[in-house]
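Participant: Have a look at this one before I ask anything.
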Amino acid sequence: MTVETRLIAESEYPDWLRALATGFLRPPVITDEEAAERRAGTDLGRVRGAFDEGRCVATLRSFAQQLTTVGGARLAASAVSNVTVSPTHRRRGLLSRMMDAELSEAKERGETVSTLIAAEYPIYGRYGYGPATTTTQWSVDVPRAGLDPRWSGPDDGGRIDLVDGMDVRKLGPELHGRLEAAQHGLVDRDERWWHQATGLTRLASHPWTEPFHAVYRLADGTVEGLLTYAADDEWGDAKQPLNTATVRDLIAFTPAAERALWRFVCSIDWITTVRSGYRAADDLLPHLLPDPRAARVLTHADFLWLRLLDVPRALEARTYPTSATLVLEVPDAAGLAGGRFRLDASPDGATCTPSAESPDLTLGVGELATLYLGDESATRLSALGRMDEHHAGAAVRADGLFRTGRRPWCPDVF
């Protein structure tokens, strides 16, 4: 029988969850409680499955998301998640069928971009996605870092306080909202995110360990930073502490708050190693240490992937540091967002319109997505053979428009 791909029915949701667990190599047993909890945060109108003789064998869902672009504007995004194909049904085009339907519907909904976190690098380029942010994770050897062990708190008039999950649910959303307006690459966090991050909502498939929470406050009490971390309990044979603090979340609205929170977690008694969690590749962490070599890179990889669905709207939404004009030829095999566009950009705003002029650059819709948030260089893409420069200097001109002083950052897996 032909395998059918379609939106799922309410009664099929538990079977869809079983297929999801199978695809991610988790035990394929879903309790009624977990199904009910997951269902509460799921829009079935955006959940797709592939069915072979009534059994779900592939999964995909999306949800509405806000992505911060360069300059602070927030784009309507369709966030793609929970993508699996059961091992019995690989290489049959099931993902392509589901992805084609999802992207077409996202465009019809008026969403400007689609986003995802790619478990495997080679998969999503063929659907027009490009890696748009990079993440780095460090392990800090605290005794080697050179920090003053006598340090007891910020010396700028601020303070650090330990708080609990209830405080985080009150303080975190406002702080993150402020950060979204300043940090390109961030995606929004809804109430459900904060509930899961603080253990108010728990899933049986994700064992919960209560973390520690700390906030950085200005002298007037304004919260400027939030840190969540967990710690293990390891001691050496000579009774020396060998404990690791793992940062689950660290968001800061100012560099002072960020520096203070890193110094705090690196100064906790008995902690000899700090694992940073997912940070921007140009994070302050290594170089705020007296000895940056104490921070060893554990992970350095692509993170947020982006798929443009409306090129003019996306290019007009972000800001540009200089004034320039570029004519871009943007092939899109799916026929969703391609065309030739004239971008007239300046610090005062930008317009992007269809054009019949000779192109300055030809680059695929995925390559344009890779440039969009400023994490990649047009000159580098040209050297890699992933972009054609038709007029000398066009790639350098593109770098002047698209590159940003700080790299984009997305800390959240979804």
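The values are calculated or read from the model by the stated rules, or taken from the named source; none is laboratory data. Because the structure is predicted, anything quoted here is derived from the model rather than measured. When we count neighbours, we look across all protein chains shown, and the Cβ atoms used for this are built from the backbone with ideal geometry, even at glycine. Side chains are part of the model used for accessible areas, which takes the heavy atoms of the whole protein and leaves out ligands, DNA and RNA. Shrake-Rupley method; radii C 1.70, N 1.55, O 1.52, S 1.80 Å.
Participant: Order E111, E33 by their accessible area, 1.4 angstrom probe, all chains in place, largest first.
Facilitator: Details: E111 20, E33 135 Å².
I get E33, E111, largest accessible area first.
Participant: Take the Cβ-Cβ distance between D388 and R55 as r, set R0 to 45 Å, and report the resulting FRET efficiency rounded to the nearest 0.05. Don't skip to the answer; put the middle values down first.
Facilitator: Working: r = 46 Å, r/R0 = 1.03.
Between D388 and R55 the formula returns 0.45.
Participant: Give the shape of the chain as rounded, prolate or oblate, defined through the alpha-carbon gyration tensor: a ≥ b ≥ c are the square roots of its eigenvalues, a/c under 1.5 means rounded, and otherwise the shape is prolate if a/b is larger than b/c and oblate if not.
Facilitator: It is oblate, given that a/c is not under 1.5 and a/b is not larger than b/c.
Participant: Just the accessible area for I8, please: 1.4 Å probe, Å², rounded to the nearest 10?
Facilitator: I8 has an accessible surface of roughly 10 Å² with all protein chains in place.
Participant: What figure in square angstrom, to the nearest 10, would you give for the accessible area of T254 with a 1.4 Å probe?
Facilitator: Approximately 40 Å² of T254 is accessible to the 1.4 Å probe.
Participant: Based on the Cβ-Cβ distance from V3 to S139, what FRET efficiency comes out when R0 is 60 Å, to the nearest 0.05? List each step's numbers first, then the result.
Facilitator: Working: r = 44 Å, r/R0 = 0.74.
Calculated value: 0.85.
Participant: Okay, moving on. Can you tell me how much longer the chain between R406 and D148 gets when fully stretched, taken as 0.36 nm per residue apart minus their C-alpha distance, in nm with one decimal?
Facilitator: Values: separation 258, 0.36 × 258 = 92.88 nm, distance 2.83 nm.
Gain on extension, R406 to D148, equals 90.0 nm.
Participant: When the helix-only estimate is applied to the chain (DSSP H runs of n ≥ 4, each -39,500 (n - 2.57), divided by the residue count), what is the mean residue ellipticity at 222 nm, nearest 500 deg cm²/dmol?
Facilitator: Details: 11 runs with 104 residues, N = 414.
One gets -7000 deg cm²/dmol as the mean residue ellipticity at 222 nm.
Participant: Work out, step by step, the length gained on full extension between A101 and A333: first 0.36 nm times the residue separation, then minus their alpha carbon distance; give nm to one decimal. Write down the numbers at each step before the final one.
Facilitator: On the way: separation 232, 0.36 × 232 = 83.52 nm, distance 1.45 nm.
In short, 82.1 nm is gained.
Participant: Right, something else. By per-residue mean of other Cβ atoms within 10 Å, what is the highest-first order of 214-222, 235-243, 54-62? Display every interim value, and only then the final one.
Facilitator: Values: 214-222: 15.9, 235-243: 9.9, 54-62: 22.3.
So the order, starting with the most tightly packed, is 54-62, 214-222, 235-243.
Participant: With label points built 7 Å along Cα→Cβ from the Cα atoms of R109 and T325, find their separation and express it in nm.
Facilitator: It is 3.7 nm.
Participant: Could you pull the accessible area for F402 with a 1.4 Å probe, rounded to 10 Å²?
Facilitator: So the heavy atoms of F402 present about 0 Å² to solvent.
Participant: Let me ask something additional. So how long is each side of segment 256-414 along the principal axes, counting just the alpha-carbon atoms, biggest first, in Å?
Facilitator: 65, 32, 27
Participant: Can you send over the carbon and sulfur percentage of the accessible area for segment 145-242, probe radius 1.4 Å, protein chains only? Mind showing how you got there, number by number?
Facilitator: Working: 2760 of 5490 Å².
Heavy-atom surface of segment 145-242 belonging to carbon and sulfur, 1.4 Å probe: 50 percent.
Participant: Decide, for segment 128-183, between rounded, prolate and oblate: order the square roots of the alpha carbon gyration tensor eigenvalues as a ≥ b ≥ c, take rounded if a/c falls under 1.5, and otherwise choose prolate if a/b is larger than b/c, else oblate. Write out the running numbers ahead of the final one.
Facilitator: Values: a/c = 2.36, a/b = 1.22, b/c = 1.93.
It is oblate, given that a/c is not under 1.5 and a/b is not larger than b/c.
Participant: Sticking with this one: How big is the gap, in Å, between the Cα center of segment 261-320 and the Cα center of segment 155-221?
Facilitator: 17 Å
Participant: Okay, next question. If I model a spin label as a point 7 Å beyond the Cα along the Cα-Cβ vector, how far apart are those points for T299 and T379 in nm?
Facilitator: Label-label distance for T299 and T379, simple model: 3.1 nm.
Participant: How much accessible area per residue does the chain have, in Å², with a 1.4 Å probe?
Facilitator: Accessible surface, normalised per residue, equals 46 Å².
Participant: Starting from the Cα of V413, step 7 Å along the direction of its Cβ; do the same at W270; then give the gap between the two resulting points in nm.
Facilitator: Output for this residue pair reads 2.7 nm.
Participant: Related question: Filter the chain for me: DSSP H helices, axial length by Cα at least 30 angstrom, mean Kyte-Doolittle hydropathy not below 0.5. List them by residue number.
Facilitator: Details: long enough: none.
In the chain, no H run is both long and hydrophobic enough.
Participant: For R91 and A230 in one chain, what is 0.36 nm times their gap in residues minus the Cα-Cα distance, to one decimal in nm?
Facilitator: Working: separation 139, 0.36 × 139 = 50.04 nm, distance 4.03 nm.
That works out to 46.0 nm of additional length.
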